[in-house]
1. Among (1) under 21 Å from ASP55 (Cβ atoms); (2) among the aliphatic types (A, V, I, L, M); (3) crowded, with 17+ Cβ neighbours inside 10 Å, where does ALA240 come up short?
2. Of the residues in the range 1-29, how many are at pLDDT below 95 and either open to solvent by 80 Å² or more (accessible area, probe 1.4 Å) or more than 28 Å from ALA271 (Cα to Cα) (or both)?
3. Hey, GLY40 hits all of (1) part of a loop (DSSP other than H, G, I, E, B); (2) in contact with a Phe, Trp or Tyr (Cβ under 9 Å, 6 or more places away or on another chain); (3) touching a residue at least 60 places away in the same chain (Cβ under 8 Å) but one; which does it fall short on?
4. For the range 257-276, give me the residue count where each residue is within 19 Å of GLU182 (Cβ to Cβ) and either open to solvent by 70 Å² or more (accessible area, probe 1.4 Å) or not aromatic (Phe, Trp, Tyr) (or both).
5. On the basis of being open to solvent by 50 Å² or more (accessible area, probe 1.4 Å) and closer than 20 Å to ARG132 by Cα, does THR254 make the cut?
6. With ALA105, ALA144 as the choices, which residue is closer than 21 Å to ILE232 by Cβ and open to solvent by 10 Å² or more (accessible area, probe 1.4 Å)?
7. Looking at the range 217-235, is at least one residue modelled with pLDDT of 95 or more, assigned to a helix (DSSP H, G or I) and either under 24 Å from ALA82 (Cα atoms) or polar (S, T, N, Q) (or both)?
8. Looking only at the range 125-167, which residues are basic (Lys, Arg) and in a strand (DSSP E or B)?
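The values are calculated or read from the model by the stated rules, or taken from the named source; none is laboratory data. Keep in mind that what you see is a predicted model, and the values were worked out from it rather than measured. Counting neighbours? That spans all protein chains shown, and the Cβs are built from the backbone with ideal geometry, glycine included. Just the protein is used for accessible areas: all its heavy atoms, side chains included, with ligands, DNA and RNA removed. Shrake-Rupley method; radii C 1.70, N 1.55, O 1.52, S 1.80 Å.
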Amino acid sequence: MTVFAPSAGPVGGLLERPHATLAFEVAGPADGPLAVHAHGSLSSRAHERRAGLFDWTPLTTTHRLARYDARGHGYSTGRAVAEDFGYPALAQDLLALCDHLSPDAPVTGLGASMGTATVLWAALARPERFDRLVLAIPAVAWAARDPRRAGLRAAAALVERRGTGTLGAAAKIGGPPAVLAEVPQYATEFDAAEHLAPSVLRAAAEADLPTPDRLRDLPHPTLILTWPTDPIHPTATATALAAHLPEARLHTATTLTDIRSWGRVAADFLAGGESS
């Protein structure tokens, strides 16, 4: 059995990137293998903590867990250029952080929504950089994504006129998916810089997951985590993703309690156990 040295707690840092500075933190055993988590669009490390959905701390029993704010989100900086927020560009930021924190060993890539796409694009760009993938709530993709693109462009224009508060107000009126009814702040709070949010939204309007034929080239054992009743992150996308990835398993949570167990499910997966 491998024994890891304990960590004194999360350690923060900054990583300089072209046109951005990434803020990150690392928790877990100092000599453990690295897992890096990428959050969703218009979210951040702090937003995820407030929402209380994604608790990845079970991974820190064996792994160093790095969490960072994507450029233009949370405490990370960026510029108002939509191309900077495209998935391939975000993937390069993730890879740079992996190189910075674990230059000599592959890492586990974790992502949620936009972060899932970031991890997949990074794994395609440099497959040797990763050993396993954990992909939570992949966003609607491929042909099913086309109807959403116009709405994202309209949202970008609305934010330019009235600010990001309008997005929260609209989300509050529409309400969260049924599976998230007990955590409405997940859908109604956003954590991207006001002047950058339109660029983030326009990038999302043009973005997509890698095509199925490219996904078939990824050899990594992959855990896909999904929930129902969410049209932005439909179970159909997760199911299709699991079918296209050669070494994927799918875990569907139907209750908030199930969702909050994802950290344990992911820890079991990284340890080589079975997810249920």
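1. (1)
2. Of the residues in the range 1-29, 7 are at pLDDT below 95 and either open to solvent by 80 Å² or more (accessible area, probe 1.4 Å) or more than 28 Å from ALA271 (Cα to Cα) (or both).
3. Going through (1) part of a loop (DSSP other than H, G, I, E, B); (2) in contact with a Phe, Trp or Tyr (Cβ under 9 Å, 6 or more places away or on another chain); (3) touching a residue at least 60 places away in the same chain (Cβ under 8 Å) one by one, GLY40 breaks only (2).
4. Count: 6.
5. Here the answer is no, as THR254 does not meet what is asked.
6. Every option except ALA144 fails the conditions.
7. Yes.
8. Listed by number, the list holds a single entry, ARG132.
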